[in-house]
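Beneath this line is the structure, given in structure tokens, with notes to follow.
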Amino acid sequence: MTNKIIGKKTGKEYFVTIGLEIHAEMKTKTKMFCRCKNDPFNSKPNTNICPICTGQPGTLPYVNKQACKNVMKVGVALGSDLADFSEFDRKNYFYPDIPKAYQISQFQYPLVSGGSLVGVELERIHMEEDTATSIHKNGKSLVDYNRSSVPLMELVTRPVIHDAETAVKFAKELQLLLRTLGVSDANLEKGEMRIEANISLSENGYFDGDFSKLGVKTEVKNLNSFKVVGQAIEYEIKRHLAILEGEAEGEIVQETRGWDENEGATFSQRKKETSDDYRYFPDPDIPKYKFSELEEFSKEVLKKELPELPWEKRERYLTDYKIQADDVEFYLNNKAFDKIFSTAASLLDNNGYKKLSNYVSTDLAGLEKNDEEGSLENISGEQMALMVKMILEGELSSRGAKDLLLEMYKNGGEAKVIAKEKNLIQKSDEGELKKVVEEIITDNPKQTEDYKAGEEKLLQYFVGQGMKATRGSANPGVLAKLFKELL
């Protein structure tokens with residue numbers, strides 16, 4: 001998609017500017033400011049609560065150290081600056097899912113500043129508490145406080161994105177990073193990761209530090225899938241353009257909008273608040289922090305705790321294994337399959353990587369996707385590597401390999417033992433296969449006559465019959481050789 005749009009009616013040139021705000025719930029044992037269990041999805045309503053997370057008078061919050069460390073690890077991975085000094089603030093607004101009438105968040109002194117991901121610059125990453133969950137049914141509104149005060153990371157990009165494709169790419173890569181670091185499951189469907197997009201169109205140009213160049217922005221909240229993120233941004237761009245070009249009535253106002261899945265359109269929710277509306281001020285009940293005085297929060301210490309990052313593994317897999325880019329992305333996003341592949345690959349050489357990847361990302365993934373009876377836990381990387389070696393050494397045909405893989409998926413076991421028990425070892429003995437070839441020639445007189453008359457493509461037909469007769473156990477190369485000789 002181009003970064004500029006030309007209005008069909010006026011011929012004017014418009015510039016698209018997009019910024020993202022992404023929330024992600026942190027994986028911790030307890031909530032952000034109390035000792036209640038962090039388990040908002042798997043518990044009965046209002047079971048993981050206490051006087052602190054329900055905002056009872058006289059209670060005092062205390063900060064979850066692991067939650068802060070999780071956010072700062074994200075910052076280290078993104079090349080950001082970590083806070084030397086930080087504090088928590090009160091963000092004041094009233095809504096039933098905020099029992100205190102304010103949310104503990106961060107305003108002037110976030111934990112993380114700057115950095116970038118897939119070429120998109122970041123403004124900040126800060127820590128706050130999640131709200132409770134409002135449930136509306138049967139004409140009543142109920143509130144479940146299990147989610148109240150769950151640790152919530154908020155990442156804000158700079159307004160430097162210019163198309164929906166880049167926005168979606170950024171969000172996907174962030175989700176992958178959070179999962180790789182193990183700091184969040186970042187499941188959009190569950191609300192563990194929530195994406196909000198700010199969109200504006202302007203005739204003045206892109207953001208270069210001068211906010212006056214940007215047009216009036218609208219924010220679309222709580223987009224619960226990457227597909228919807230793209231659709232909502234595209235819709236808003238078209239809506240803004242139609243108003244600016246005079247093709248639609250109304251005006252563009254700074255507001256919060258929602259997404260209607262059925263209509264495939266955004267809708268107005270409320271006027272967009274500014275920071276002044278929230279009346280931020282430092283929370284007097286939470287101490288200030290000087291992170292430079294805490295060794296475990298230093299960039300050097302946190303960096304040592306990081307696993308191999310997605311972009312590092314992506315480059316290594318492409319360089320060392322030379323497998324398809326789609327396969328690499330599959331492994332990055334599927335830990336169980338990646339474990340099987342990486343373990344097996346360590347036991348193979350250059351000749352086996354592509355074949356291994358094909359069986360793992362296509363055949364094995366197909367068994368899992370189709371809910372075939374069995375389990376990935378039945379298959380080890382070691383046995384997968386042995387299966388590939390058997391293929392390369394001519395012991396297994398492609399058909400035999402698929403049958404072996406299915407048997408291992410269902411019942412586990414050693415590849416070589418199963419192959420022998422199920423008669424899957426490829427037969428290459430010419431004396432044994434010659435009898436099969438002779439019978440097939442005798443049973444197919446017309447095809448034999450046509451082949452001898454010059455229809456050499458029938459050789460594949462004969463080889464296929466040979467594979468069928470031996471239930472896939474014959475070496476197709478040996479079969480082809482014998483058919484050529486005897487025909």
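The values are calculated or read from the model by the stated rules, or taken from the named source; none is laboratory data. Computed from a prediction, not measured in an experiment: that's the story for all the values here. Every residue, glycine as well, gets a Cβ built from its backbone with ideal geometry; the counts of neighbours run over all protein chains shown.
Yes or no, residue by residue, for (1) assigned to a helix (DSSP H, G or I); (2) under 23 Å from G115 (Cβ atoms):
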site: V168; (1), (2): yes, yes
site: N187; (1), (2): no, no
site: G205; (1), (2): no, no
site: Y235; (1), (2): yes, no
site: A242; (1), (2): yes, no
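For the residues V388, V360, the requirement of being surrounded by 14 or more Cβ atoms within 10 Å (Cβ to Cβ), hydrophobic (A, V, I, L, M, F, W, C), touching a Gly at 6+ places or on another chain (Cβ under 6 Å) and modelled with pLDDT of 90 or more singles out V388.
Remark: H126 falls outside the filter, which requires a residue to be in a strand (DSSP E or B), of a type outside the set (A, V, I, L, M) and surrounded by fewer than 22 Cβ atoms within 10 Å (Cβ to Cβ). In region 161-178, the residues that are under 13 Å from L20 (Cα atoms) form Cβ pairs under 9 Å with partners that are aromatic (F, W, Y) and surrounded by 18 or more Cβ atoms within 10 Å (Cβ to Cβ), at six or more places apart or across chains, as follows: I161/F170; H162/F15.
Being surrounded by fewer than 21 Cβ atoms within 10 Å (Cβ to Cβ) and of a type in the set (V, I, T), is that true of even one residue in region 30-37? Among the residues of region 30-37, at least one is surrounded by fewer than 21 Cβ atoms within 10 Å (Cβ to Cβ) and of a type in the set (V, I, T), which makes the answer yes.
F85: surrounded by fewer than 15 Cβ atoms within 10 Å (Cβ to Cβ), in the same structural domain as T54 (by TED's automatic domain parsing) and within 22 Å of N46 (Cα to Cα), yes or no? Against the criterion (surrounded by fewer than 15 Cβ atoms within 10 Å (Cβ to Cβ), in the same structural domain as T54 (by TED's automatic domain parsing) and within 22 Å of N46 (Cα to Cα)), F85 does not qualify. P40 meets the conditions (1) out of contact with any helix residue (DSSP H, G or I) (no Cβ under 8 Å at 6 or more places or on another chain); (2) surrounded by fewer than 16 Cβ atoms within 10 Å (Cβ to Cβ); (3) modelled with pLDDT under 95 in every case but one. The failed one is (2). Filter region 244-281 for residues that are surrounded by 16 or more Cβ atoms within 10 Å (Cβ to Cβ) and over 32 Å from the mean Cα position of the chain (by Cα) and give the result. Listed by number, the residues that qualify are L244, E245, I252, Y278, Y280.
Applying a threshold of 6 Å to beta carbon distances and a minimum spacing of six or more residues, or different chains, the list of pairs starting in region 250-266 at a residue that is assigned by TED's automatic domain parsing to the domain that holds V229 and farther than 15 Å from R194 by Cβ and ending at one that is among the basic types (K, R) and not in a loop (DSSP other than H, G, I, E, B) reads E255/K271; T266/R257.
Can you find a residue that is among the small types (G, A, S), within 20 Å of V478 (Cβ to Cβ) and not assigned by TED's automatic domain parsing to the domain that holds Y461 anywhere in region 400-409?
At the first step, the residues of region 400-409 found to be among the small types (G, A, S) are 400-401.
Next, from what is left, pick out any that are within 20 Å of V478 (Cβ to Cβ): 400-401.
Applying the additional criterion that residues be not assigned by TED's automatic domain parsing to the domain that holds Y461 yields 400-401.
Yes, there is a match, as at least one residue in region 400-409 is among the small types (G, A, S), within 20 Å of V478 (Cβ to Cβ) and not assigned by TED's automatic domain parsing to the domain that holds Y461.
For the structure I just gave you, tell me whether V417 is modelled with pLDDT of 90 or more and within 28 Å of Q383 (Cα to Cα). Taking the combined requirement at face value, the residue satisfies it.
Screening region 410-430 for residues that are under 13 Å from N475 (Cβ atoms) and not hydrophobic (A, V, I, L, M, F, W, C) and picking the one that is surrounded by the fewest Cβ atoms within 10 Å (Cβ to Cβ) gives D429. Specify the residue that is farthest from the chain's Cα centre (by Cα); the eligible residues are those in region 282-298 that are part of a helix (DSSP H, G or I) and surrounded by fewer than 14 Cβ atoms within 10 Å (Cβ to Cβ). Among those residues, the one meeting the criterion is E293. V118 fulfils the conditions (1) exposed (fewer than 15 other Cβ atoms within 10 Å of the Cβ); (2) more than 28 Å from F170 (Cα to Cα); (3) among the β-branched types (V, I, T) except for a single criterion, (2).
Residues that are among the charged types (D, E, K, R) and over 18 Å from V120 (Cα atoms) were ranked within region 195-222; the one that is surrounded by the most Cβ atoms within 10 Å (Cβ to Cβ) is K217. Of the residues making up region 215-237, just one is out of contact with any strand residue (DSSP E or B) (no Cβ under 7 Å at 6 or more places or on another chain) and hydrophobic (A, V, I, L, M, F, W, C), namely F226.
Being β-branched (V, I, T), assigned to a helix (DSSP H, G or I) and loosely packed, with under 13 Cβ neighbours inside 10 Å is a description that does not apply to T448.
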